[in-house]
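Every number here is computed from the coordinates shown, using simple stated rules; none is lab data. In this text the structure is predicted, and so the values were computed from the model without any measurement. Using ideal geometry, Cβ is built from the backbone for each residue, glycine included, and neighbour counts are taken over all protein chains shown.
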Amino acid sequence: MNKVANYDTLDYDYSTYWKKREYEHQSEQLVLKKLFKNIKNGKWFIDIGGSYGRLLPSYYDIYSNPIIVDYSLKTLQKNYEHIRKDFPRVELIAANAYFLPFKSNTFNGGLMVRVLHHLDRPLEYFKEIYRVMSPNGIYIQEFANKAHIKAVLRALFKLDFSVFNKEPYQQPKKGNDEGAKRGAYVPFLNYHTSWIQEKLKDLGFKIGRKYGCSFLRLNIFKKLFKTRTLLFFEKIFQTAFSWVNISPSIFIKSIAEKEITEKEYSELNQILACPKCKGNLEISSTKAICTHCKKEFNKNENIWDFRI
Ligand SMILES: C[S@@+](CC[C@H](N)C(=O)[O-])C[C@H]1O[C@@H](n2cnc3c(N)ncnc32)[C@H](O)[C@@H]1O
Ligand SMILES: [Zn+2]
């Protein structure tokens, strides 16, 4: 069983994290706007680890059937009413990114932002996301950049060149208890850009545009300048420095290349599958039973619980 960063253990309200991070939030919206440019009339979309729907405005008008998947059942239950009020077409589903409860070749679009650092088996996850993407489905992967400029400068100063090797890097514990008991081990991994690109490519994704994000994420800048000013420069840097990997966060767009023909599904029940064995489900209003392995799943307070 994979370790999961379970935000429910401490009742962690992730939305509080964003109270003082308007610059980072707007920076991400700017990148997503660029990456979604020219995409129209998509159908099924998956936001993995989508939490309380912070990024919904970036894809809601492009895809007719968006789904937020998150391991934190409590977050989805708590936020269901107000998310659905503003975004009535979105479905919220509790599931583990490693074991997605969907049929293969379903999603025309998908993204994962600020979640990959929690996954200590990223390759297993990449296989799973590739499985559920439809042929030519567009998938956007964000990750914390191991070789961002501060890390490189620090490495040069210490003459420690491990920052340049491509292997994922587990950040020291200090300050990284996100969603876990203080001091408990949680994966908090930073990744090398070419490692991510290679692994996605090996699975069948064609690598597309890449953008750095949050170039000015430094307390000193935030103290000295207004968010508006930071965003003015951020916009310029995102375009001017898209060829180097110096920012703390990086977004990569990819396309799932597959031979098979795309199937047309219109209802949620048609795309659901057993997260464990991928068998078909017998679905009633509050229960789903796998016809193959017989595992049962329930719908609680409007949210399907497919976590395994
Ligand atoms: C730092 S938050 C990011 C939320 C959102 N993507 C955003 O950028 O606003 C990480 C989210 O990933 C979820 N998560 C962590 N591990 C997961 C897993 N294995 N499967 C599904 N969700 C997971 C957490 O519950 C949490 O909501
Ligand atoms: Zn099953």
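Regarding the range 94-101, can at least one residue be identified that is under 27 Å from N280 (Cβ atoms) and more than 16 Å from ligand 2 (Cβ to nearest atom)?
Among the residues of the range 94-101, at least one is under 27 Å from N280 (Cβ atoms) and more than 16 Å from ligand 2 (Cβ to nearest atom), which makes the answer yes.
Among the residues of the range 287-308 satisfying the criterion of being within 16 Å of ligand 1 (Cβ to nearest atom) and part of a strand (DSSP E or B), which is farthest from K127 (Cα to Cα)?
I303
Would you be able to say whether some residue in the range 225-244 is under 30 Å from H292 (Cα atoms) and surrounded by fewer than 19 Cβ atoms within 10 Å (Cβ to Cβ)?
no
Can you tell me which condition Q141 does not meet? The list is (1) over 21 Å from F297 (Cα atoms); (2) within 16 Å of ligand 2 (Cβ to nearest atom), and all the others hold.
Single failed check for Q141: (2).
Conditions (1) part of a helix (DSSP H, G or I); (2) of a type in the set (D, E, K, R); (3) free of Cβ contacts under 8 Å to residues at least 24 places away in the same chain, marked per residue:
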| position | (1), (2), (3) |
| --- | --- |
| P66 | no, no, no |
| T75 | yes, no, no |
| K85 | yes, yes, yes |
| N105 | no, no, no |
| N108 | no, no, no |
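Among residues belonging to the range 258-286 that are part of a strand (DSSP E or B) and either within 27 Å of Y139 (Cα to Cα) or in contact with a Phe, Trp or Tyr (Cβ under 7 Å, 6 or more places away or on another chain) (or both), point out the one that is nearest to ligand 1 (Cβ to nearest atom).
By that ranking, first place goes to L272.
Among the residues of the range 265-282, is any more than 16 Å from ligand 2 (Cβ to nearest atom), among the aliphatic types (A, V, I, L, M) and loosely packed, with under 13 Cβ neighbours inside 10 Å?
no
Report yes if E24 is surrounded by 15 or more Cβ atoms within 10 Å (Cβ to Cβ) and either away from ligand 2 (no atom under 16 Å from the Cβ) or closer than 22 Å to G212 by Cβ (or both), otherwise no. Full working, then the answer.
Working: surrounded by 15 or more Cβ atoms within 10 Å (Cβ to Cβ): yes; either away from ligand 2 (no atom under 16 Å from the Cβ) or closer than 22 Å to G212 by Cβ (or both): yes.
For E24, the condition - surrounded by 15 or more Cβ atoms within 10 Å (Cβ to Cβ) and either away from ligand 2 (no atom under 16 Å from the Cβ) or closer than 22 Å to G212 by Cβ (or both) - is met.
Go through Y71, Y98, Y125, Y52 for me and flag whichever is within 12 Å of ligand 1 (Cβ to nearest atom), hydroxyl-bearing (S, T, Y), out of contact with any strand residue (DSSP E or B) (no Cβ under 8 Å at 6 or more places or on another chain) and touching a residue at least 60 places away in the same chain (Cβ under 8 Å).
After ruling out the rest, the residue left standing is Y98.
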